[in-house]
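The values are calculated or read from the model by the stated rules, or taken from the named source; none is laboratory data. Every value quoted in this text rests on a predicted model; they were computed, and no experiment measured them. Note that each Cβ is placed from the backbone with ideal geometry, even for glycine, and that neighbours are counted across all protein chains shown. The area values use the complete protein model at the heavy-atom level, side chains included, leaving out ligands, DNA and RNA. Shrake-Rupley method; radii C 1.70, N 1.55, O 1.52, S 1.80 Å.
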Amino acid sequence: QVQLVESGGGLVQAGASLRLSCASSGRIFSRYTVGWFRQAPGKEREFVVAITVSGVSTDYTDSMKGRFTISRDNAKNTVYLQMNSLRPEDTAVYYCAVTDRGLRYSRSEYIYWGPGTQVTVSS
C-alpha cells in the first residue's frame, strides 16, 4: 500500500508564502511522477503542477505562474510545492498524487493520493 502525506498547509495572510511537502515511505518517488492538485470549497479538484522522476515539470496555469514552484528530492522521498505571493483565491485543500504514466494533467490518471492539507489565505 502506497501512502502519501502532505504537510505545510496553514492559515496565512495574502502575500505570504508556504511550502507544502508530500512525503512517502518507500521508494515510490524514484519511479513515479508526482502531481499537485487543489480543491476549493464548492469546486472541482484542479490540476496545479506535476514533476517527473528526472525533474521535468509541467507548465503552471497562468494564475500560478511565477508564484508556485515544484521540486523534488528523491533521496528524501519528498516533493515540494513552494507557493509565494499567496492570494485568497489560492485557498483550497492541496493534494499530492502519483502516476506511472509520465506527465499527466488529469486526476483520473493518478493512482495514489494523499489526504490533503488545508491552505487558507486571508485578505
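Numerical summary
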{"quantity": "Segment 84-99, residues that are in contact with a Ser or Thr (Cβ under 6 Å, 6 or more places away or on another chain), over 17 Å from residue 114 (Cα atoms) and either open to solvent by less than 50 Å² (accessible area, probe 1.4 Å) or part of a helix (DSSP H, G or I) (or both)", "calculated": "88, 91"}
{"quantity": "Pairs where the first residue, in segment 83-107, is in contact (Cβ under 8 Å) with a residue 24 or more places away in the chain and closer than 18 Å to residue 15 by Cα and the second is among the small types (Gly, Ala, Ser) and open to solvent by 80 Å² or more (accessible area, probe 1.4 Å), C-beta under 8 Å, 6+ apart", "calculated": "88/123"}
{"quantity": "Filtered residue count, segment 107-119, keeping only those that are open to solvent by less than 50 Å² (accessible area, probe 1.4 Å) and of a type outside the set (A, V, I, L, M, F, W, C)", "calculated": "5"}
{"quantity": "Answer residue from segment 25-39, given it is assigned to a loop (DSSP other than H, G, I, E, B) and open to solvent by less than 50 Å² (accessible area, probe 1.4 Å) and is nearest to residue 120 (Cα to Cα) among those", "calculated": "32"}
{"quantity": "Residues within segment 48-65 that are in contact (Cβ under 8 Å) with a residue 40 or more places away in the chain, outside any strand (DSSP E or B) and within 14 Å of the chain's Cα centre (by Cα), tallied", "calculated": "2"}
{"quantity": "Any hit, segment 6-24, residues being more than 14 Å from the chain's Cα centre (by Cα), surrounded by 12 or more Cβ atoms within 10 Å (Cβ to Cβ) and under 19 Å from residue 105 (Cα atoms)", "calculated": "no"}
{"quantity": "Odd one out for residue 42 among (1) open to solvent by 20 Å² or more (accessible area, probe 1.4 Å); (2) touching a residue at least 24 places away in the same chain (Cβ under 8 Å)", "calculated": "(2)"}
{"quantity": "Neighbours by Cβ (under 9 Å, 6+ apart or cross-chain): first from segment 4-20, at positive phi; second open to solvent by less than 30 Å² (accessible area, probe 1.4 Å) and in a loop (DSSP other than H, G, I, E, B)", "calculated": "15/86"}
{"quantity": "Residue within segment 66-79 that is in contact with a Phe, Trp or Tyr (Cβ under 6 Å, 6 or more places away or on another chain), surrounded by fewer than 17 Cβ atoms within 10 Å (Cβ to Cβ) and not in a strand (DSSP E or B) present", "calculated": "yes"}
